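Undergrad: Right, I'll just put the structure down here and ask away after.
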Amino acid sequence: MIEDIEINDLRLLTQLVKEKYDYDFSNYAISSFKRRLLRILEIYKFDTFDKLLIKIKNEPVFFKEFLSEITVNVTEMFRDPSMWRELRDKVLPVLFQSHDSVKIWHAGCSSGEEVYSMAIMLKENGWLDKAKIFATDIDHTILSKAKEGKYAVKNMHELNDKNYFRFGGKTQLSDYYKVEGQHILMDKKLVSNITYMEHNLASGIAFAKVDLILCRNVLIYFNQNLQNDVFKLIHQSLFNYGYLIVGSKETLVWCDIASKFITVNNEEKIFKKIRD
Ligand SMILES: C[S@@+](CC[C@H](N)C(=O)[O-])C[C@H]1O[C@@H](n2cnc3c(N)ncnc32)[C@H](O)[C@@H]1O
């Protein structure tokens, strides 16, 4: 069993992935990237690092699996309920008062629980028809799950229902899905205004200009250089006076474009763009 990964092997891997598939992992935070790689070596029972490199090089289908394993997809509905309350009570009223239509981008949406939370909250407040939502992720496989809106019943009861209750939803989460065996299927009417797309935040390419960006629990996997670049991309993708929400362990206060934002709520990690 391989217990550690040499820095040179990491370089070979990131170079190969960049050259062959045009994904750049060279600025991912090294410790979590290594942990994910060790997990992959164990799952696929590779006894040398070279075997992983050869498989990535020769098998594009395997590369898709690799991509799914290297990215962390953990998510929940109404994760950090107090943030969702703040969003509903303080941020969205301002946006919907001043705009006929509000554009929202979930960057790094994973399997879509965050997107459904947004759609439910918008619906409960009469805003859903006035919102246009983009949901993006680097991982094609996880995006398919997001589109399907099919989740384990177990998670709904143990996690999502509790979060929804703490958020102070107007009804019960079960009003928005139907149970089919061990799974639930989310109500597809909630997501008719949603466009799902593959998008790599590390590519530096902006694809739309929006009023609100949720980029939560994605930046923690990047090193400071990449975080800095992604914050620039986010700044570029937001209209003036648009809002950015990051994860509870993330912040933009140290980065190059920090002075172009004000902090709206430090606890909930809500920021507002104040200039181009
Ligand atoms: C931990 S999940 C966060 C999901 C959700 N935003 C939340 O907070 O619950 C991180 C997601 O970021 C995605 N991701 C990782 N690197 C990315 C990149 N370079 N561009 C876009 N998405 C990326 C992963 O595929 C994963 O689905």
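Undergrad: Only residues that are of a type in the set (A, V, I, L, M, F, W, C), part of a strand (DSSP E or B) and surrounded by fewer than 18 Cβ atoms within 10 Å (Cβ to Cβ): list them for the range 186-210, please.
TA: Residue satisfying the conditions is MET197 alone.
Undergrad: Suppose the filter is out of contact with any strand residue (DSSP E or B) (no Cβ under 8 Å at 6 or more places or on another chain), assigned to a helix (DSSP H, G or I) and not aliphatic (A, V, I, L, M); does LYS64 pass it?
TA: Answer is yes for this residue.
Undergrad: Do any residues in the range 104-116 that are in a loop (DSSP other than H, G, I, E, B) have Cβ atoms under 8 Å from those of residues that are more than 6 Å from the ligand (Cβ to nearest atom) and of a type in the set (Val, Ile, Thr), where the two are at least six apart or on different chains, and which pairs are they?
TA: Hits for this filter: GLY108/THR136; CYS109/VAL115; CYS109/THR136.
Undergrad: Need the failing condition index for ASN8 against (1) part of a helix (DSSP H, G or I); (2) in contact with a helix residue (DSSP H, G or I) (Cβ under 8 Å, 6 or more places away or on another chain); (3) more than 11 Å from the ligand (Cβ to nearest atom); (4) of a type in the set (S, T, N, Q), just the number.
TA: Among (1) part of a helix (DSSP H, G or I); (2) in contact with a helix residue (DSSP H, G or I) (Cβ under 8 Å, 6 or more places away or on another chain); (3) more than 11 Å from the ligand (Cβ to nearest atom); (4) of a type in the set (S, T, N, Q), ASN8 violates only (2).
Undergrad: Turning to a different aspect of this structure: Among the residues of the range 212-236, what is the count of those that are under 17 Å from CYS109 (Cβ atoms) and within 13 Å of the ligand (Cβ to nearest atom)?
TA: Qualifying residue count for the region: 13.
Undergrad: Collect the residues in the range 211-242 that are crowded, with 21+ Cβ neighbours inside 10 Å, more than 16 Å from the chain's Cα centre (by Cα) and of a type outside the set (Gly, Ala, Ser), keeping them in residue-number order.
TA: Correct list: ASP211, HIS235, LEU238.
Undergrad: Taking the range 200-211 as the region of interest, how many residues are away from the ligand (no atom under 13 Å from the Cβ) and modelled with pLDDT of 95 or more?
TA: 3
Undergrad: If you check GLU69 against the conditions, is it within 16 Å of the ligand (Cβ to nearest atom), assigned to a helix (DSSP H, G or I) and touching a His at 6+ places or on another chain (Cβ under 7 Å)?
TA: no
The values are calculated or read from the model by the stated rules, or taken from the named source; none is laboratory data. Nothing here was measured: the structure is a model prediction, and the numbers come from that model. Cβ coordinates were reconstructed from backbone atoms using ideal geometry, including for glycine residues, and neighbour counts include every protein chain displayed.
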